[in-house]
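Visitor: Take a look at this one; I'll ask things after.
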Amino acid sequence: MDQEPGQPESDTAYCAALARAEDRDRFLAAQFASPPARARLLALLALNAEIARVPRAAREPLLAEMRLQWWYEAVVAVLAGKPPPRQPALAAFARAAAGAGLVAEPFERLIVAHARDLTANPLRDAADAESHAEALSGTLAHAALALLGVTDEAACRAARAAGIAHALVGLAGGGNNPARDLIRDHIARARAESAHVPRSALPVLLWATAADIRSGRMARGHTL
């Protein structure tokens, strides 16, 4: 099983299983990374899956808010180099993030975006949908590139577009996205930039391919 040196096999297996179950598109894209990089990506995807399912599993909004705050504080502690609480995705993420230069602000935006699911707060317009998608997945794409060791500016632009496209398709599939036309625009942006980026960025750029496939299915009337 692929894992980083020093990473318990149980954490690696947990992250892989969670990412496969909750985020299959990006799990499959991660398979195009080298084994050590793949383990880092799966740790990130598992962390995101843990955060994303807090609102879905919530019986009481207040308890969910407290749980999301716990995740934010845990991520901040990890990025500050402090020992993480004993939670497999968080432990794996701590090892993946070591030395990658990640900062807390994008993860705060990510958690705030997931917290929106706790409220009856529909997307207002295309700009709101795009901003929400960027917080959900554009931020995650940048973190994924950092874990791959990619800092190329064109790759960052392509990854952001791929991340936004992937999130917009998910929102559209839920019937809550006034920005379906933007999906094609962001897929096109990601592909236009992808000709000029390192091959090591491929596991993130493939998010745009997944968005393209899903949006095509949606256009043909299939469920996502």
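Visitor: Would you mind listing the helices (runs of 4 or more DSSP H) fully within region 19-122 where at least 1 residues are touching a Cys at 6+ places or on another chain (Cβ under 7 Å)?
Guide: On the way: elements: 24-30, 35-57, 61-79, 88-97, 105-115.
Per the criteria, 35-57, 88-97.
Visitor: Are any residues in region 69-123 open to solvent by 70 Å² or more (accessible area, probe 1.4 Å) and charged (D, E, K, R), and if so, which ones?
Guide: Result: Glu73, Lys82, Arg86, Arg95, Glu105, Glu108, Arg109, Asp117.
Residue-by-condition table, conditions (1) outside any helix (DSSP H, G or I); (2) touching a Gly at 6+ places or on another chain (Cβ under 9 Å); (3) free of Cβ contacts under 8 Å to residues at least 24 places away in the same chain; (4) closer than 18 Å to Ala49 by Cβ:
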site: Arg124; (1), (2), (3), (4): yes, no, no, no
site: Arg157; (1), (2), (3), (4): no, no, no, no
site: Gly163; (1), (2), (3), (4): no, yes, no, yes
site: Asp185; (1), (2), (3), (4): no, no, yes, no
site: Arg214; (1), (2), (3), (4): no, yes, no, yes
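Visitor: In the set Ala172, Ala126, Ala135, which member is modelled with pLDDT of 90 or more and either under 14 Å from Val204 (Cβ atoms) or of a type in the set (Gly, Ala, Ser) (or both)? Can you show your working first?
Guide: On the way: Ala172 fails: modelled with pLDDT of 90 or more; Ala126 fails: modelled with pLDDT of 90 or more.
The unique qualifying residue is Ala135.
The values are calculated or read from the model by the stated rules, or taken from the named source; none is laboratory data. This one's a predicted model, so the numbers in the text were calculated from it and none came from an experiment. So basically every Cβ, Gly included, is an ideal-geometry build from the backbone, and we count neighbours across all protein chains shown. Keep in mind that these areas ignore ligands, DNA and RNA; they rest on the heavy atoms of the full protein, side chains included. Shrake-Rupley method; radii C 1.70, N 1.55, O 1.52, S 1.80 Å.
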